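Notes for the one structure printed next.
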Amino acid sequence: MNARSRFALALVVLGLLMTGPFVLTAALLFADAQEAERQALLEIMAPRLPLGALITTFGFILGVVVLRTLFRQYVKGLSSMSEKLRLMLSANRHYRVDAEGPPEVQALAQAANDLAQQRDELLTDVEAQIAHAKQSVEEEKNRLAALMSELALGVVVCNLDGRILLYNNRARLQFKALAQGPTSMAGGALIGLGRSIFAILERGQITHALENIQRRLRKGSSEPVANFITTTRSGQLLRAQMAAVVGTPAEEGGEVPVTGYVLTIENITRSFERETERDQVIHSLSDGSRPALASLRAAVEMLRQHPDMDGPTRERFVGVIEEEATRMSRVLDRTMTEFSDSLKTRWPLEDVLGVDLVAAAAQRLETRLKLPTKTESLAEDLWIRADSFSLLQAITFLASHLQDHYEIRELRFRLSSEGHMAFVDLIWSGIPVSSETLYTWELEPMTVGAEVNPLTLRDVIERHGGEIWYQREKAAHRAFFRLVLPVAATPEVNPEAVAAYQHAGRSESRPEYYDFNLFNFQDSGIDLDRKLSELAYTVFDTETTGLEPSNGDEIIQVGAVRIVNGRLLRQEIFDQLVDPRIPIKPEGIPIHGITEDMVRGQPTIDMVLPAFHEFCTDTVLVAHNAAFDMRFLQLKEERTGIRFQQPVLDTLLLSAVIHPNQESHRLESISERLGINVIGRHTALGDSFVTGEVFLKIVGLLNAMGIHTLRQALDAAQKTYLARVKY
Amino acid sequence: MTKKILIVDDEPNIVMSLEFLMKKAGFEVAVAVDGEEALAQVAKLNPDLVLLDVMMPKKSGYEVCEALRSDPARAAMKIVMLTAKGRDTEVAKGMALGADAYVTKPFSTKELVTQVTSLLGG
């Protein structure tokens with residue numbers, strides 16, 4: 001029996017208690033009395049009956065008030081307290097019951113709080129021990145994660161269904177770089193934990209490679225690896241290597257099961273283009289010069305074999321020779337200028353920031369040679385294509401020779417550029433060196449102290465397709481070696497991405513790029529009977545021009561974050577401003593902080609919705625007050641043809657399911673109840689983060705109430721009173 | 001009777017030498033500067049041998065060769081392909097399309113004359 005019906009029952013009992021004895025006594029007296037006495041009694045009672053009824057009614061009302069107060073304080077107060085106690089038991093350990101109401105309830109609250117305090121201390125102690133035990137495991141995981149993030153090769157690990165279990169930062173940047181389209185994430189966000197690799201790579205090729213590996217495994221190959229080259233939707237060329245992740249055989253000597261695979265991915269578009277250019281050069285220099293050579297040769301042979309030919313004919317042949325020779329020179333010149341980059345050595349060079357190179361060299365000289373260094377004008381954002389390791393060796397070699405033979409006490413660095421050439425100058429003052437000395441040094445193996453190096457300075461220079469020379473600044477009594485290196489066209493990883501990555505790395509204890517629990521994660525579809533904790537979610541929020549979708553208000557920002565395997569993946573986000581093409585209502589601007597200027601030039605909703613829809617593939621949608629956001633999305637269905645048909649969970653309704661007696665289900669109130677720090681609210685992405693954390697806590701509480709599956713959660717939400725509010 | 005040779009090449013500088021060379025060798029010479037003109041000249045002059053460049057505007061040497069070989073009436077006509085494409089695959093293609101000889105630029109004029117003469121049964 002619930003509290004409300006118990007209260008009603010209590011009222012009935014009170015009514016009976018107040019009227020019952022009187023009515024009973026009166027009835028007994030009346031039954032006992034003689035006819036005349038009855039008449040007399042009636043005469044006495046009848047006029048006074050209203051007064052009696054009035055007093056009784058008054059008494060009854062007084063009784064109701066007292067009863068209600070008691071009920072509120074004890075029954076309601078206690079059930080509200082028990083809800084809060086449950087909260088302390090599960091979602092928010094640090095929550096404490098307020099001591100309000102009558103002294104007994106207050107004492108109970110106090111006692112509960114004390115118990116909780118004691119429990120917390122115990123728990124903290126246990127947790128400390130668990131944490132200690134977990135630490136080594138965690139360290140190992142972190143080492144793996146760190147290793148993966150630093151790899152210069154893109155790595156993606158998938159299970160047999162093609163679900164991504166791990167990816168590293170390079171893979172993320174690679175796929176982000178592949179992304180084409182109007183939104184900030186289009187394509188790039190497609191790499192994500194639990195997402196399908198087939199969104200990025202051709203399913204057929206993966207399956208084929210996997211079959212090859214399995215065949216090799218069965219043959220007992222020690223290196224079950226397959227290579228393939230694939231093109232992406234944006235036409236980029238990727239070289240992938242696949243290695244199997246093997247489990248343990250079911251029986252001794254049985255077949256080794258493949259549980260997943262590791263893909264290392266390299267974007268070879270650029271090197272392929274270079275290769276193609278190189279081919280063109282070779283072609284233009286070989287087949288390209290054949291016609292001209294043929295004309296030359298034939299003309300020369302005519303002249304030689306027919307010395308008797310007449311003057312004008314001879315003149316014409318000489319003219320041919322002159323013309324063809326000039327043309328060939330021109331072709332050669334043009335080829336060398338156009339393709340000079342692709343003609344350079346094939347040694348793998350990487351893009352290095354010039355100042356980083358100088359800093360590394362300076363540090364090396366100071367520690368290895370104890371040689372003080374200084375820098376002069378450094379070109380700040382000069383990127384150099386270099387093999388930084390051999391280049392540092394070369395600089396150290398030069399510096400140590402200068403130190404040994406010319407007793408220099410300081411070396412200065414200067415960094416400048418001219419067109420495609422970057423100059424690294426090593427400057428010293430004092431005794432000049434002769435150019436001949438440099439020539440000898442160039443051909444010596446670069447040996448510094450005990451460190452023997454078979455490479456010569458010339459080798460290193462040639463690797464870079466560079467040059468080195470010696471120059472004097474007579475007026476300043478200084479001299480310098482100038483190393484000429486190729487300037488990098490564009491840095492391979494843009495600084496913004498690096499900054500974003502570094503930021504992410506610093507703010508998080510470790511990047512959320514892997515989740516090996518996903519090895520058993522299967523099936524992409526959303527099954528309503530799956531456990532809430534096993535599903536993948538897209539938690540999203542929108543900011544809008546105003547609050548009336550049906551009156552023409554439009555979306556101005558969409559933010560979303562993914563939840564996979566019970567973790568909020570802060571790196572897998574969607575964050576996009578939208579040009580609403582209508583004015584933003586001024587009253588909203590202080591709340592969401594988005595101005596007209598910020599949305600102008602951003603993609604329109606027609607472009608953002610398809611990208612967002614793709615981001616949400618195979619996930620359940622979660623939003624706070626989802627009906628509001630969904631209304632905006634649905635109003636666009638007809639125009640964009642994009643339908644969001646996946647199940648939607650609303651944290652507002654779910655909060656009402658778990659805490660029906662709490663008055664407020666605003667996001668702030670829920671966060672506070674569940675002990676979630678609210679940072680960065682009122683941007684779509686910030687609110688998505690908060691909603692996501694709230695949702696994760698709520699899932700735990702729903703489980704405690706026996707709501708485990710998506711279907712159960714949807715039903716429970718549907719039944720709450722708040723669900724009936726329509727937008 | 002003097003044998004007739006048709007020189008087909010779009011580069012005047014090589015045409016000049018070839019024309020001079022073949023005339024000196026005692027042949028009657030005609031010149032065409034692209035594939036279409038070559039077919040027209042063949043129809044008009046019915047040459048005994050065609051010196052055919054591969055890379056030409058309008059119709060390539062390969063196409064001209066194919067067109068000529070598709071006419072059984074001209075089965076006796078010799079075709080020598082002259083090209084700047086020196087790869088085995090291209091030589092194979094030329095021969096497969098019915099050329100009697102395939103000469104890669106640059107070439108020795110003396111050898112070319114010897115080859116042409118022997119093809120024409122001299």
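The values are calculated or read from the model by the stated rules, or taken from the named source; none is laboratory data. Just so you know, these numbers come straight off a predicted model, no measurement behind them. Cβ: placed from backbone, ideal geometry, glycine included. Neighbour counts: every protein chain shown.
Considering each residue of the stretch A:564-603, count those that are within 12 Å of A:GLU554 (Cβ to Cβ) and surrounded by fewer than 16 Cβ atoms within 10 Å (Cβ to Cβ), and give that number.
Residues flagged as within 12 Å of A:GLU554 (Cβ to Cβ) and surrounded by fewer than 16 Cβ atoms within 10 Å (Cβ to Cβ) within the stretch A:564-603 amount to 4.
Which count do you get for residues in the stretch A:659-688 that are of a type in the set (Asp, Glu) and at pLDDT below 85?
Within the stretch A:659-688, residues that are of a type in the set (Asp, Glu) and at pLDDT below 85 number 1.
Since A:SER688 meets every condition but one in (1) surrounded by fewer than 23 Cβ atoms within 10 Å (Cβ to Cβ); (2) closer than 25 Å to A:ASP606 by Cβ; (3) polar (S, T, N, Q), which condition does it not meet?
Against the list (1) surrounded by fewer than 23 Cβ atoms within 10 Å (Cβ to Cβ); (2) closer than 25 Å to A:ASP606 by Cβ; (3) polar (S, T, N, Q), A:SER688 comes up short only on (1).
Assigned by TED's automatic domain parsing to the domain that holds A:PHE689, among the polar types (S, T, N, Q), more than 11 Å from A:THR545 (Cα to Cα) and modelled with pLDDT of 85 or more: is that true of A:THR617 in this structure?
Numbers: assigned by TED's automatic domain parsing to the domain that holds A:PHE689: yes; among the polar types (S, T, N, Q): yes; more than 11 Å from A:THR545 (Cα to Cα): yes; modelled with pLDDT of 85 or more: no.
So A:THR617 does not fit the description; no.
From A:GLU467, A:GLU451, A:GLU492, grab the single residue that is at pLDDT 75 or above, over 28 Å from A:ILE563 (Cβ atoms), in contact with a helix residue (DSSP H, G or I) (Cβ under 9 Å, 6 or more places away or on another chain) and among the acidic types (Asp, Glu). Reasoning before the result, please.
Details: A:GLU451 fails: at pLDDT 75 or above; A:GLU492 fails: at pLDDT 75 or above.
Unique residue meeting the criteria: A:GLU467.
All but one of (1) within 13 Å of A:GLU543 (Cα to Cα); (2) of a type outside the set (A, V, I, L, M, F, W, C); (3) touching a residue at least 40 places away in the same chain (Cβ under 8 Å) hold for A:ASP618; state the number of the condition that does not hold.
Result: A:ASP618 passes all but (1).
So which residues in the stretch A:52-69 are farther than 16 Å from A:VAL12 by Cα and either in contact with a helix residue (DSSP H, G or I) (Cβ under 7 Å, 6 or more places away or on another chain) or at pLDDT below 85 (or both)?
Scanning the stretch A:52-69 gives A:GLY52, A:ALA53.
Select from the stretch A:261-286 the residues that are of a type in the set (A, V, I, L, M) and within 28 Å of the chain's Cα centre (by Cα) and write down the one among them that is farthest from A:GLN174 (Cα to Cα).
A:VAL262
Of the residues A:SER416, A:SER429, which is within 20 Å of A:SER388 (Cα to Cα), touching a strand residue (DSSP E or B) at 6+ places or on another chain (Cβ under 6 Å) and surrounded by 13 or more Cβ atoms within 10 Å (Cβ to Cβ)? Reasoning before the result, please.
On the way: A:SER429 fails: within 20 Å of A:SER388 (Cα to Cα).
Matching residue, one of A:SER416, A:SER429: A:SER416.
Have a look at A:ARG215, A:ARG203, A:ARG297, A:ARG239 and point out the one that is more than 29 Å from A:ARG334 (Cα to Cα) and in contact with a Phe, Trp or Tyr (Cβ under 9 Å, 6 or more places away or on another chain). Explain how you work it out, then say what you get.
Details: A:ARG215 fails: in contact with a Phe, Trp or Tyr (Cβ under 9 Å, 6 or more places away or on another chain); A:ARG203 fails: in contact with a Phe, Trp or Tyr (Cβ under 9 Å, 6 or more places away or on another chain); A:ARG297 fails: more than 29 Å from A:ARG334 (Cα to Cα).
Unique residue meeting the criteria: A:ARG239.
Somewhere in the stretch A:274-285, is a residue in contact with a Gly (Cβ under 8 Å, 6 or more places away or on another chain), under 27 Å from A:THR326 (Cα atoms), surrounded by fewer than 15 Cβ atoms within 10 Å (Cβ to Cβ) and without any contact (Cβ under 8 Å) to a residue 40 or more places away in the chain?
No.
Suppose we filter A:GLU323, A:GLU266 for residues that are farther than 30 Å from A:LEU201 by Cβ, surrounded by 14 or more Cβ atoms within 10 Å (Cβ to Cβ) and out of contact with any His (no Cβ under 6 Å at 6 or more places or on another chain); which single one remains?
A:GLU323
Looking at A:VAL300, A:VAL320, A:VAL258, can you tell me which residue is under 36 Å from the mean Cα position of the chain (by Cα) and over 30 Å from A:ALA488 (Cα atoms)?
One residue alone meets the criteria, A:VAL258.
Does A:ARG643 satisfy the criteria of being among the charged types (D, E, K, R) and assigned to a loop (DSSP other than H, G, I, E, B)?
yes
Is it the case that the stretch B:18-27 has a residue that's basic (Lys, Arg) and within 13 Å of the chain's Cα centre (by Cα)? Break it down stepwise before answering.
Of the residues in the stretch B:18-27, the ones basic (Lys, Arg) are B:23-24.
Still in the list and also within 13 Å of the chain's Cα centre (by Cα): none.
No - not one qualifying residue is present in the stretch B:18-27.
Within the stretch A:421-431, does at least one residue satisfy the condition of being part of a loop (DSSP other than H, G, I, E, B) and farther than 18 Å from A:LEU371 by Cβ? Working first, answer last.
Looking only at the stretch A:421-431, we keep the residues that are part of a loop (DSSP other than H, G, I, E, B), and these are A:430-431.
Filter once more, so that each one left must be farther than 18 Å from A:LEU371 by Cβ: none.
Checking the stretch A:421-431: not a single residue is part of a loop (DSSP other than H, G, I, E, B) and farther than 18 Å from A:LEU371 by Cβ.
Mind checking which residues of the stretch A:634-671 are in contact with a Phe, Trp or Tyr (Cβ under 9 Å, 6 or more places away or on another chain) and over 20 Å from A:GLU554 (Cβ atoms)?
A:LEU649, A:THR651, A:LEU654, A:ALA656, A:PRO660
Pull up the stretch A:269-305, narrow it to residues that are more than 14 Å from chain B (Cβ to nearest Cβ) and of a type in the set (Val, Ile, Thr), then point me to the one that is farthest from B:PRO12 (Cα to Cα).
So the residue we want is A:THR269.
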